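Engineer: Structure in structure tokens, see below.
The values are calculated or read from the model by the stated rules, or taken from the named source; none is laboratory data. Predicted model, so just to flag it, every value in this text is computed and none were measured. Heads up, the Cβs are rebuilt from the backbone with ideal geometry, glycines too, and the neighbour counts pull from every protein chain shown. Heavy atoms of the whole protein, side chains included, go into the accessibility calculation; ligands, DNA and RNA do not. Shrake-Rupley method; radii C 1.70, N 1.55, O 1.52, S 1.80 Å.
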Number of protein chains: 2
Amino acid sequence: MAGQSESLLSAMLPKLETWAPLDDDDRAALIALPYRLQSLAPTKYIVREGDRAEHSCLLLSGFAFRSKIVRDGGRQILALHMRGDMVDLQNAVLGRADHNVQALTEIEIALIPHEAILRLAADRPRVGRVMWHDTLVDGSINREWNTNVGRRDATTRLAHLLCEFALRLSFAGLGEQCNYELPMTQEQLADCLGLTSVHVNRTLKGLEANGLITRTARNVRVVDWDRLAAVGDFNSAYLHVDLEGRSIDPSRP
Amino acid sequence: MAGQSESLLSAMLPKLETWAPLDDDDRAALIALPYRLQSLAPTKYIVREGDRAEHSCLLLSGFAFRSKIVRDGGRQILALHMRGDMVDLQNAVLGRADHNVQALTEIEIALIPHEAILRLAADRPRVGRVMWHDTLVDGSINREWNTNVGRRDATTRLAHLLCEFALRLSFAGLGEQCNYELPMTQEQLADCLGLTSVHVNRTLKGLEANGLITRTARNVRVVDWDRLAAVGDFNSAYLHVDLEGRSIDPSRP
DNA sequence: CGCCGGTTTGAGTCCATTCAAGAGGAGTGG
DNA sequence: CCACTCCTCTTGAATGGACTCAAACCGGCG
């Protein structure tokens, strides 16, 4: 077991096991999946819309995002992924990519053949179920983003996104809930939120002026989690993470 | 087989088999799922956000929609479902509903216990895979809606939605691509699009004035599919339906 | 030191909203 | 059969939140 858990693929286990329990054989089978390592520079494509990819990938370090481009050149960012995320599991099932997946920062990924993933999901129902679950949580987050963009004003949208990042980054061990490095530019934030970078800038300053956050470069410090969550109309239920035993407010330990 | 295919549950087969082939035993097992019939009046809830539902449901007639409500009372409609759709398959896996599912019109549904669905998915990998696929296509549509709301102007958004409805309704045998009954009010359309009903009204009239569609009550007639699709920045790839053998433009047979 | 990508700020504009009121149609009950 | 209500659709006028355009600032880096 020790040998197996040293595989780089073991990075996928913590998140998958959040969804449902796996046994030792399940874990061993996941870790034994064939893979190929790759590094990508920021903005490089993992998959392009319309591609028929042969591999899904596990993100080992850095950040990646999904996006679509519209006719006039506008871009909508649909999801953000971080270490431990299985990016693009869905393309193993769907076949043809309906959106782009790109490196946001310098990243390292493990490319896993679709065919091996599907065989494993079929052979081990518990593993298949956990993978299904993982893609459904992605879907849930996407519905929340859809709601955010469709029915909330700029301040609420941004506060909501900052709350989500706070929780997801802390779950992934990449920052504290109330003090983290935001991995994206204001223009990229704008593309998540359906706003312009200029307006994101003004809105960030507004949150700061109201004493909800402080910022230095890309660092975000949440001054008052409860107020930020209230302003952002934020309820973490859509992340489908059981918060029992997790501190949801490290600002008051 | 004849006996089995008379089950009301056979309504789910055409769509599921669009995703991947099933064999006779798979079909028989799906149709043999236990279920309970129910009728619901418009606006009645199938599942409420936060519920821990015990059943998923197959929509036998009428229309249903998913939605979320934000703090100020605004509503975002996240998806529209029609006859033959497995509504809420995801809650079998996720457990707790992260959004509402409601009857849009008078509907009939078959309630199927989650536990039976999950057992079938585990026992028959091909069935599990097709169900997974089905939920992933829902996710793809949701990403397109997210993009629509986030990065397209009102006219483009509405034209895009009308194109999607045209195709989905015709796939489901509920109308012709260029002549169908729109099952929703302008206020509900607005909630799909992140607009107000007033602006949807003006935008509809704009499409009509430009000779793209004509309307009478809830009936929509597409006058010029190619132009409507161009105005709507519409590309059907995200529906993940193979259009081979299907006419994508019945206006020129 | 000068470039370059990202951030910040200001001024003017516009797309969509809000508010308001009227018209049309379906259903109900006296 | 008509009056009444309720809901949806339609239209106008005024408002406003976010956008556009443009310029300046800033920090890192070659």
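Engineer: So which residues in region B:148-174 are aliphatic (A, V, I, L, M), more than 14 Å from DNA strand C (Cβ to nearest atom) and under 15 Å from B:Leu228 (Cα atoms)?
Structural biologist: Initial filter on region B:148-174 (aliphatic (A, V, I, L, M)): B:149, B:154, B:158-159, B:161-162, B:166-167, B:169, B:172, B:174.
Narrowing the set further to residues that are more than 14 Å from DNA strand C (Cβ to nearest atom) leaves B:162, B:166-167, B:169, B:172, B:174.
Residues satisfying the conditions are B:Leu162, B:Ala166, B:Leu167.
Engineer: Right, another one. Please determine whether any residue of region B:106-113 is within 11 Å of chain A (Cβ to nearest Cβ) and at pLDDT 95 or above.
Structural biologist: no
Engineer: Scan region A:188-215 residue by residue and report those that are near DNA strand C (Cβ under 10 Å from one of its atoms) and hydrophobic (A, V, I, L, M, F, W, C).
Structural biologist: Result: A:Leu189, A:Ala190, A:Val198, A:Val200, A:Leu204, A:Ala209.
Engineer: Does region A:104-130 hold any residues that are surrounded by fewer than 23 Cβ atoms within 10 Å (Cβ to Cβ) and within 30 Å of A:Glu187 (Cβ to Cβ), and which are they?
Structural biologist: A:Leu104, A:Thr105, A:Glu106, A:Glu108, A:Ala110, A:Leu111, listed by residue number.
Engineer: With respect to A:Ser39, is the statement that it is in a strand (DSSP E or B) and open to solvent by 10 Å² or more (accessible area, probe 1.4 Å) true?
Structural biologist: yes
Engineer: Among the listed residues B:Arg36, B:Arg27, B:Arg83, B:Arg52, identify the single one that is touching a residue at least 12 places away in the same chain (Cβ under 8 Å) and either at positive phi or within 14 Å of another protein chain (Cβ to nearest Cβ) (or both). Let's see the steps before the verdict.
Structural biologist: On the way: B:Arg36 fails: either at positive phi or within 14 Å of another protein chain (Cβ to nearest Cβ) (or both); B:Arg27 fails: either at positive phi or within 14 Å of another protein chain (Cβ to nearest Cβ) (or both); B:Arg83 fails: either at positive phi or within 14 Å of another protein chain (Cβ to nearest Cβ) (or both).
Exactly one of B:Arg36, B:Arg27, B:Arg83, B:Arg52 is touching a residue at least 12 places away in the same chain (Cβ under 8 Å) and either at positive phi or within 14 Å of another protein chain (Cβ to nearest Cβ) (or both), namely B:Arg52.
Engineer: Taking region B:66-80 only, how many residues are touching a residue at least 12 places away in the same chain (Cβ under 8 Å) and either buried (at least 24 other Cβ atoms within 10 Å of the Cβ) or in contact with an Asp or Glu (Cβ under 6 Å, 6 or more places away or on another chain) (or both)?
Structural biologist: 5
Engineer: For the condition surrounded by 19 or more Cβ atoms within 10 Å (Cβ to Cβ) and closer than 23 Å to B:Arg151 by Cβ, what is the one hit in B:Leu182, B:Leu212? Quick ask: steps written out before the conclusion?
Structural biologist: Working: B:Leu182 fails: closer than 23 Å to B:Arg151 by Cβ.
Result of the check over B:Leu182, B:Leu212: B:Leu212.
Engineer: If we scan region B:177-187, do we find a residue that is free of Cβ contacts under 8 Å to residues at least 12 places away in the same chain and either more than 12 Å from DNA strand C (Cβ to nearest atom) or farther than 26 Å from A:Arg143 by Cβ (or both)?
Structural biologist: So far as region B:177-187 goes, no, none of its residues is free of Cβ contacts under 8 Å to residues at least 12 places away in the same chain and either more than 12 Å from DNA strand C (Cβ to nearest atom) or farther than 26 Å from A:Arg143 by Cβ (or both).
Engineer: Continuing with this model, one more query. Return yes or no: is B:His133 closer than 22 Å to A:Asn146 by Cβ and open to solvent by 10 Å² or more (accessible area, probe 1.4 Å)?
Structural biologist: On the way: closer than 22 Å to A:Asn146 by Cβ: yes; open to solvent by 10 Å² or more (accessible area, probe 1.4 Å): yes.
In short, yes.
Engineer: Do we find that A:Leu33 is at pLDDT 95 or above, outside any loop (DSSP other than H, G, I, E, B) and among the aliphatic types (A, V, I, L, M) in this structure? Walk me through how you get there before you give the answer.
Structural biologist: Details: at pLDDT 95 or above: yes; outside any loop (DSSP other than H, G, I, E, B): no; among the aliphatic types (A, V, I, L, M): yes.
So A:Leu33 fails the test.
Engineer: Here are some residues: B:Phe165, B:Phe171. Which one is open to solvent by 10 Å² or more (accessible area, probe 1.4 Å), more than 14 Å from chain A (Cβ to nearest Cβ) and within 29 Å of A:Ser67 (Cβ to Cβ)? Walk me through how you get there before you give the answer.
Structural biologist: Values: B:Phe165 fails: open to solvent by 10 Å² or more (accessible area, probe 1.4 Å).
Going through B:Phe165, B:Phe171 in turn, the sole match is B:Phe171.
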